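Heads up, the thing below is written out as structure tokens.
Values in this text are rule-based calculations from the coordinates and carry no lab data. Note that the structure is predicted; figures quoted are calculated from it, not measured. All Cβ positions, glycine included, derive from the backbone under ideal geometry; neighbour counts span all protein chains shown.
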Amino acid sequence: MSSKATGSITVTMEGSNKSAKLPLLGGTLGPQVADIRKLYGELGIFTYDPGYGATASCESTITYIDGDEGVLLYRGYPIEQLAEQSSFLEVAYLLLNGELPNKAQYAEFDKGVTRHTMLHEQLRRFFEGFRRDAHPMAVMCGVVGAMAAFYHDNLDINDPEQRRIAAFRLIAKVPTIAAWAYKYSVGQPLVYPRNDLSYAENFLYMLNGVPAEPWVNNPILSRAMDRILILHADHEQNASTSTVRLAGSTGANPFACIAAGIAALWGPAHGGANEAVLKMLAEIGSPENIPQFISEVKDKNSHTKLMGFGHRVYKNFDPRAKIMKETCHEVLAELGIKDEPLLDMAMEMERIALSDDYFISRKLYPNVDFYSGIILKAMGIPTSMFTVLFAVARTVGWVSQWKELIEDPSQRIGRPRQIYTGAPARDFVAMDKRG
Ligand code: SDX
């Protein structure tokens with residue numbers, strides 16, 4: 001399916017008789033777009049949209065978000081149904097291939113991913129080059145990027161079979177790299193993947209297992225992990241996905257492109273928000289300090305944000321936040337945690353914020369990061385690993401979006417323009433002649 005012409009708009013420059021007729025394009029769902037590719041040629045002007053809040057950078061068939069209605073679809077399937085009825089690996093197949101797999105397709109895909117979970121033994125030594133207290137996202141950037149050193153030579157990204165293997169390698173190895181980054185940081189032996197476990201079980205096993213005793217899977221926790229991975233798998237053209245696409249548009253090695261995505265995700269305004277939410281709640285300390293904190297957030301000079309709140313696209317509840325909140329209650333109940341102060345504080349903060357005009361008028365609601373940290377902390381995952389987990393899940397989305405870009409015959413190297421406001425042309429002045 002590709003976009004279709006749905007009409008046109010005419011842009012006229014006031015004070016001159018110059019105008020340009022721009023086609024309107026429509027997709028399956030969502031707003032039409034004005035195709036401005038001819039604008040510079042016809043009117044000699046660029047468009048200006050810092051942060052790309054109103055700019056469609058590509059055509060995509062993968063994920064659809066309706067921010068006003070709080071809708072999120074992966075290949076047309078509502079996130080609520082996938083989180084409830086599917087598994088992360090089945091969702092990975094869906095995002096990569098466009099359709100849900102039949103039994104045979106799923107079995108082959110599961111086998112393909114399972115067969116690629118181990119790392120080249122020389123990659124182990126990369127971990128020893130880091131300080132033990134390095135942030136695991138720094139390790140992820142380094143080691144995933146280093147995968148290019150192991151697979152670059154025989155990788156022809158224009159060969160579908162080689163793209164398929166690269167996709168398997170990334171989806172399968174990123175959990176191993178993530179778990180090893182954690183194990184290295186705590187000085188425990190690196191735990192090799194097990195082919196008899198599911199994707200989520202294997203990740204929890206490599207994170208928590210030790211050679212000294214058998215590891216026992218808790219099906220409630222591995223189900224919760226699987227659901228958290230589903231919720232984070234893809235999200236349209238967010239900052240890190242756009243980074244992957246821009247790097248991919250140059251023909252760069254997919255391992256280098258995913259490493260670029262990991263770097264972009266690390267920022268606290270993006271994937272780093274889940275870690276920042278826990279730090280924010282810890283700094284607030286207790287529910288009676290919430291009103292003071294909210295006043296600080298509303299004071300522009302404080303530059304304080306309510307982390308886990310707000311979203312560029314969602315101007316309604318982030319559907320993932322709702323599912324995350326439900327999962328939070330399930331996991332705490334399963335773990336026998338009756339009163340989790342952080343959850344009580346988060347819920348009280350949500351109640352206060354959602355009744356305060358500052359947040360209502362700006363349509364600021366909890367996003368996917370607001371509750372995820374509380375679940376992960378209850379599951380024993382250290383705060384420094386929260387964004388790493390987000391990267392593990394989003395690797396499927398990044399790889400799917402990269403694959404779509406490479407397979408798009410109309411794709412070109414990404415190269416935005418600018419408004420230049422610097423110095424006009426001027427001649428060089430020798431040092432002894434300067435003021
Ligand atoms: C993710 O894009 C994606 O899809 C991302 C993601 C994905 O799955 O890939 O969904 C994952 O990144 C979720 C977002 C996680 N980030 C946070 O929780 C950090 C806190 N949120 C904000 O930094 C902010 O809401 C952003 C970055 C998420 C969105 O910023 P925008 O779209 O640029 O919005 P804005 O800064 O223009 O805000 C509009 C107004 C401003 O106030 P005014 O200037 O109009 O007075 O809302 C205010 C902002 O100051 N505002 C907040 C706020 N977020 C926006 N005020 C307080 N706390 C906040 N969290």
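Expressed as an acute angle from 0 to 90° and rounded to the nearest 10, what is the orientation of the C-alpha long axis of helix 341-353 relative to the principal long axis of the chain? That works out to roughly 30 degrees. Against the chain, whose longest principal axis is taken from its Cα atoms, helix 103-114 shows a tilt of about 80°. With each label modelled as a point 7 angstrom along the Cα→C-beta vector, the L29-E296 pair spans 3.9 nm. For the range 97-248, pairs of C-alpha atoms spaced more than 28 angstrom apart make up 23 percent of the total.
In a shell of Cβ-Cβ distance under 11 Å around S410, excluding S410 itself, what net charge do Lys and Arg (+1) and Asp and Glu (-1) give? Neighbour charge sum, excluding S410 itself: -1. When the chain is treated as a Gaussian network with alpha carbon springs shorter than 10 Å, the biggest mean-square fluctuation among S60, S19, S222 belongs to S19. Using the average count of surrounding beta-carbon atoms within 10 Å as a protection proxy, the listed peptides 28-35, 208-215 rank, highest first, as 28-35, 208-215.
Report the calculated FRET efficiency for D356 and D49 (r = Cβ-Cβ distance, R0 = 35 Å), to the nearest 0.05. The computed FRET efficiency comes out at 0.70.
Considering only P78, A282, S185, and ranking their Cα positions along the charge dipole of the chain that arises from unit charges at the beta-carbon of Lys, Arg, Asp and Glu, the one farthest toward the positive end is S185. At what distance in angstrom do the alpha carbon centres of the range 126-181 and the range 43-109 lie from each other? That distance is 23 Å. Per-residue extension of 0.36 nm, minus the Cα-Cα distance of A282 and N218, leaves a gain of 20.3 nm for this segment. Applying 1/(1 + (r/R0)^6) with r as the Cβ-Cβ distance of M118 and M1 and R0 = 41 angstrom yields a FRET efficiency of 0.60. If only the Cβ of Lys and Arg carry +1 and only the Cβ of Asp and Glu carry -1, the dipole of the range 103-217 around its Cα centre is close to 140 debye. Of H303, H329, H152, the residue with the greatest mean-square motion in the GNM of the chain, using alpha carbon springs below 10 Å, is H303. Straight-line cross-link partners of K111 among the lysines, defined as a Cα under 30 Å from its Cα and at least 8 positions apart when in the same chain: K103, K173, K183, K403. Taking R115, R362, R417 in turn, the Gaussian network model of the chain (Cα-Cα springs below 10 Å) assigns the largest fluctuation to R417. Each Cα pair under 8 Å and six or more residues apart adds its sequence gap; the mean of these over the residue count of the range 309-371 is a relative contact order of 68 percent.
The average projected area of the chain, computed from the convex hull of its Cα atoms over all directions, is 28.2 nm². Toward the positive end of the charge dipole of the chain, with +1 on the Cβ of Lys and Arg and -1 on the Cβ of Asp and Glu, the farthest Cα among Y365, L29, I165 is that of I165. Across the range 289-435, Cα-Cα distances exceeding 26 Å account for 50% of all pairs. Modelled this way, with points 7 Å down the Cα-to-C-beta line, the labels at V210 and A269 are 4.2 nm from one another.
A straight chain from E42 to E407 at 0.36 nm per residue would run longer than the Cα-Cα distance by 128.4 nm.
In this calculation the C-beta distance from T383 to L335 is compared with R0 = 22 Å, giving a FRET efficiency of 0.80. The calculated 222 nm mean residue ellipticity attributable to helices in the chain amounts to -15500 deg cm²/dmol, summing -39500 (n - 2.57) over DSSP H runs of n ≥ 4 and dividing by all residues. Here the Kirkwood formula, the inverse mean of 1/r across different C-alpha pairs, assigns the range 6-149 a hydrodynamic radius of 20.4 Å.
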